[in-house]
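A.B. asks: Can you keep this structure in mind? I'll have questions shortly.
Every number in this text was worked out from the coordinates using simple rules, so none of it is lab data. Since we're looking at a predicted model, the values are computed, not measured. A quick note on method: Cβ atoms are made from the backbone with ideal geometry, for glycine too, and the neighbour counts reach across all protein chains shown.
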Amino acid sequence: MEKENAVILGAGDFPKHPIPLRLLREAERVVCCDGAAKTYIEKEGCLPWRIVGDGDSLTPELRERYHDIVRSYSEQENNDQTKATLYLKEHGICDIVYLGATGRREDHTIGNVSLLMEYMKMGLRVKMFTDDGVFIPVKGYFSDRMLPECLAGAKTISIFSFGAKGLKGEGLMYPLYDFTSWWQGTLNRVTGTSFSITGEGNFLLFFPYCSEAK
């Protein structure tokens, strides 16, 4: 299992699948968006490295008890996930895994997932693990050699274009083209032992876990 520099835990569904749970428990630093802090402390029995957000989801008791690790930002231009991301970037941490970013509210889920593209543009190396699979933002090129260890041998892939042109795939069942709608690149399959995707611009990949992934 790859060891990431930091995990940001959101206030969505707390991880249940073994892969995101292991990433959470093996992370060198865990940063909780403020709404996730109470759940993390209760479920894992340990403190996060930092609690970051606008503070609206922290009770006065929790804010006082953990004041030394709380970092509150009142501005509303960014959500708590982005505030935590910017905090890590300011501290020189560029490899970030996002957990608990999906579930509960679909609008938050779509917003959190799409923000991966912005974080990539900031020069960060990011991935979002859910209980179903992994989102990975890409610029220009991706191959199976770039997959996280836990996804070695992935057979299913969905591709979401963010304005990418000239999309081409090798080792995929369905040919790629310049998608104009998000659904057009979903539910493709890897047909061989390796695959690659190229295109001019940015695209987002989703890989579901295989049934034996742990």
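A.B. asks: Between residue 74 and residue 132, take the C-beta separation as r, use R0 = 25 Å, and let me know the FRET efficiency to the nearest 0.05.
C.D. replies: Once the sixth-power term is evaluated, E becomes 0.15.
A.B. asks: Now a separate question. Have a look at 97, 41, 14 and report the one farthest towards the positive end of the charge dipole of region 6-131, computed about the Cα centre with Cβ charges (Lys/Arg +1, Asp/Glu -1).
C.D. replies: Result: 97.
A.B. asks: To continue, here is another question. To the nearest 20 debye, what is the magnitude of the charge dipole of the chain about its Cα centre, counting +1 on the Cβ of each Lys and Arg and -1 on the Cβ of each Asp and Glu?
C.D. replies: 480 debye
A.B. asks: A further question on this structure: Step through the table entries 89/165; 43/83; 43/121; 16/165, compare each Cα-Cα distance with 31 Å, and write down the pairs that go over it.
C.D. replies: 43/121; 16/165
A.B. asks: State, as an integer percentage, the relative contact order of the chain based on alpha-carbon contacts under 8 Å between residues 6 or more apart.
C.D. replies: 20 percent
A.B. asks: Mind jotting down the three principal axis lengths of region 8-72 based on Cα atoms? Whole angstrom, largest first.
C.D. replies: For region 8-72, the Cα spread along each principal axis is 33, 21, 18 Å.
A.B. asks: Here's another thing I want to ask about it. Please report, in whole Å³, the volume per residue of the convex hull around the C-alpha atoms of region 111-161.
C.D. replies: 97 Å³
A.B. asks: To check my understanding: the extent here is largest minus smallest coordinate of the Cα atoms along each principal axis. What are those three numbers for region 142-214, in Å, largest first?
C.D. replies: So the three principal-axis extents are 34, 19, 19 Å.
A.B. asks: Taking 0.36 nm per residue of sequence separation and subtracting the Cα-Cα distance, how much length would be gained by fully extending the chain between residue 191 and residue 173, in nm to one decimal?
C.D. replies: Additional length available on full extension: 5.9 nm.
A.B. asks: What are the radius of gyration and Dmax of the chain, computed over its Cα atoms and given in Å?
C.D. replies: Spelled out, the Cα radius of gyration and Dmax of the chain are 17.6, 56 Å.
A.B. asks: Work out from phi, with θ = phi - 60° and the Karplus expression 6.51 cos²θ - 1.76 cosθ + 1.60, the ³J(HN,Hα) of each residue of region 24-31, listed in order in whole Hz, and give x for Gly and Pro.
C.D. replies: Working through the residues one at a time gives 5, 7, 9, 5, 5, 9, 10, 10 Hz.
A.B. asks: Right, another one. Assuming R0 = 22 Å, can you tell me the calculated FRET efficiency for the pair residue 181 and residue 107, based on Cβ-Cβ distance, to the nearest 0.05?
C.D. replies: In this case the efficiency is close to 0.70.
A.B. asks: Going through region 1-78, which trypsin sites (Lys or Arg not before Pro) have at most 13 other Cβ atoms within 10 Å and a DSSP loop state?
C.D. replies: The qualifying sites are 3, 16.
A.B. asks: Over all directions, what mean area does the Cα convex hull of region 6-131 project, stated in square nanometres?
C.D. replies: 7.2 nm²
A.B. asks: Sticking with this structure for a sec: Can you give the FRET efficiency for residue 59 and residue 29, using 1/(1 + (r/R0)^6), R0 = 22 Å, r = Cβ-Cβ distance, to the nearest 0.05?
C.D. replies: The value I calculate is 0.40.
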